[in-house]
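Undergrad: My questions all concern the structure below.
The values are calculated or read from the model by the stated rules, or taken from the named source; none is laboratory data. The structure presented is a predicted model; accordingly, all values stated were derived computationally and were not measured. All Cβ positions, glycine included, derive from the backbone under ideal geometry; neighbour counts span all protein chains shown.
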Amino acid sequence: MLTPSQTAYVPFVSVENMMRLVLHIGIEKMLTELAAEIESDFARWPLFDKTARVASHSDIGVIELMPTSDGETYGFKYVNGHPSNTKQGLQTVTAFGLLASVATGYPLMLSEMTILTALRTAATSAMAAKWLAPNGASVMAMIGNGAQAEFQALAFKAICGIREVRLYDIDPLATEKCANNLKDQGLAVIRCTSAEEAIMGAQIITTCTADKQYATILSDNMVGTGVHINAVGGDCPGKTELHRDILLRSGIFVEYPPQTRIEGEIQQLDPDHPVTELWQVINGTAEGRSDARQITLFDSVGFAIEDFSALRYVYSRLKGTGLFQNLDMIADPDDPRDLFGMILRAGQA
C-alpha cells in the first residue's frame, strides 16, 4: 500500500477533540477569544465575499451551506435545523465546516461545527450586546433553555458582565437541565415559570426557541424601554419569536440584510424598513444604542463570516495541542497529471 505524502493530509477536529480543545482553553476564555475574532472580522467586513446562505427547505427542517472568503482563506459550513429531531433523541442542529487556501484551493482544516456553532453563536450574541446593551446590564432573561442556552449565559457573563440569568422554557425539564449545568458557573440562576416572570428586572432578553413557525415569545406589552433584545431563534422563513409591534419600537441591528430580511424577525416588516448593519457600528460609521431608554434589537440569524472566524480561530489554536487527526483527503501523485497512474501503482504495491 502506498503511503500518503504530507500534502495529502488535512487536519480534522472531531467532536471529541473539539470538546478537549474547549476544556484545554477554558470555555469562558474561548468564548471571549472567539468574540474578539468575530469582532475583528466584522471590522473588515467589506473585504469578504457575502452571500445569503444556500438553503434547502422541507416541511420538517432545513439544510444549508454557508460560504465566504476574505481573499486569502475560504470557508464554508454545512448545517441543518430540524426542530423535531429532539423527539428522536437527535440534535436540532448539526454542522461541520472547512477552511481552504485561496491560493491553491487545498483544504487547510476540516472540523466538526455542532459544538463550534453553539460557541460562535453565543460569542456573536455577547459581542453584539457589548455594543448595544444598556450600560451596567447585569441581569439576562434566557427564554428557550435548549442546547444553546448555557453557551449564551456564559458568553454574556464573560463578555458583558452578566451576574444573574433568569430561565424559562415551555418544557420544565429543559429549564432544569440548564439550571443544573449553570449552578457552579458563577451566575445567580433563577428558574421561572413564564416568560413574563423571566423578563422581570432583566436589562437583556435573549430568545432562543426552536419551533419552525411564526411564534410570539414576546408580546409588545411585555417589553419596556431601555432593554436589549437578543433574538436568536428566528432563523429561517416562517420562523419568528417577537410580536411585530416590538420591532416597530426598536432600533434594529442585523448581520447581512439580504439574508435577515428573509430569515429574521424583520421578515415581518416592509422590505425597506430601516435597519443598521452591526459591522458599521463596530467600525464607527453607524450609531449603536442612542440613549438609555431605547430598545435595541439584535436580529441574529447567523452569517457565514462568523463561522469563518470560528474556524480560523480553531485552526490558529491547534498547533502544539495534538487535538486533531490527519485525514488522507488529497490525492497527491508524483506527477500531478498522472492521477490514473497513481491508482495503478497502488494496486501493484
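Undergrad: Return yes when ALA52 is within 30 Å of ALA286 (Cα to Cα) and either in a strand (DSSP E or B) or not aromatic (Phe, Trp, Tyr) (or both) and no when it is not.
TA: yes
Undergrad: Right, here's the next one. Out of the residues in the stretch 255-297 that are touching a residue at least 24 places away in the same chain (Cβ under 8 Å) and among the charged types (D, E, K, R), state the one that is farthest from GLY238 (Cα to Cα).
TA: Filtering first and then ranking leaves ARG293.
Undergrad: Which is farther than 27 Å from GLY61 by Cβ, surrounded by 19 or more Cβ atoms within 10 Å (Cβ to Cβ), aliphatic (A, V, I, L, M) and touching a strand residue (DSSP E or B) at 6+ places or on another chain (Cβ under 6 Å), of ILE204, ILE217, ILE229, ILE252?
TA: Going through ILE204, ILE217, ILE229, ILE252 in turn, the sole match is ILE204.
Yes/no per residue for (1) of a type outside the set (Asp, Glu); (2) out of contact with any helix residue (DSSP H, G or I) (no Cβ under 8 Å at 6 or more places or on another chain); (3) not assigned by TED's automatic domain parsing to the domain that holds TYR256:
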| residue | (1), (2), (3) |
| --- | --- |
| GLY26 | yes, yes, yes |
| GLU39 | no, no, yes |
| LEU98 | yes, no, yes |
| GLY105 | yes, yes, yes |
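Undergrad: Follow-up question, since we're still on this one. When the residues of the stretch 47-59 are filtered to those that are more than 18 Å from the chain's Cα centre (by Cα) and either without any contact (Cβ under 8 Å) to a residue 60 or more places away in the chain or in the same structural domain as GLN259 (by TED's automatic domain parsing) (or both), which remaining residue is farthest from GLY233 (Cα to Cα)?
TA: In this case the residue turns out to be LEU47.
Undergrad: Continuing with the same structure: In contact with a Ser or Thr (Cβ under 9 Å, 6 or more places away or on another chain), surrounded by 15 or more Cβ atoms within 10 Å (Cβ to Cβ) and among the small types (Gly, Ala, Ser): does that describe ALA55?
TA: Judged against the criteria, ALA55 is not a match.
Undergrad: Turning to a different aspect of this structure: Can you name the residue in the stretch 96-129 that is without any contact (Cβ under 8 Å) to a residue 60 or more places away in the chain and under 19 Å from the mean Cα position of the chain (by Cα) and, of all such residues, is farthest from GLY226 (Cα to Cα)?
TA: Applying the filter and picking the extreme gives PHE96.
Undergrad: Collect the residues in the stretch 281-315 that are over 21 Å from LEU248 (Cα atoms) and more than 17 Å from the chain's Cα centre (by Cα), keeping them in residue-number order.
TA: ILE282, ASN283, GLY284, THR285, TYR315
Undergrad: Shifting gears a bit: Collect the residues in the stretch 170-215 that are assigned to a strand (DSSP E or B), more than 20 Å from the chain's Cα centre (by Cα) and of a type in the set (Ser, Thr, Tyr), keeping them in residue-number order.
TA: TYR214
Undergrad: For the condition buried (at least 18 other Cβ atoms within 10 Å of the Cβ) and either over 30 Å from TYR9 (Cβ atoms) or not assigned by TED's automatic domain parsing to the domain that holds THR51 (or both), what is the one hit in ILE262, ILE246?
TA: ILE246
Undergrad: Considering every residue within the stretch 77-95, establish whether at least one is assigned to a strand (DSSP E or B), surrounded by fewer than 18 Cβ atoms within 10 Å (Cβ to Cβ) and assigned by TED's automatic domain parsing to the domain that holds LYS50.
TA: Yes, the stretch 77-95 has at least one match.
Undergrad: So how many residues does the stretch 154-171 have that are among the aliphatic types (A, V, I, L, M) and closer than 11 Å to ALA188 by Cα?
TA: So the answer is 3.
Undergrad: Find the strands (runs of 3 or more DSSP E) located wholly in the stretch 96-168 whose residues include 2 or more that are crowded, with 24+ Cβ neighbours inside 10 Å and in contact with a strand residue (DSSP E or B) (Cβ under 8 Å, 6 or more places away or on another chain), and list them.
TA: Per the criteria, 139-143, 164-168.
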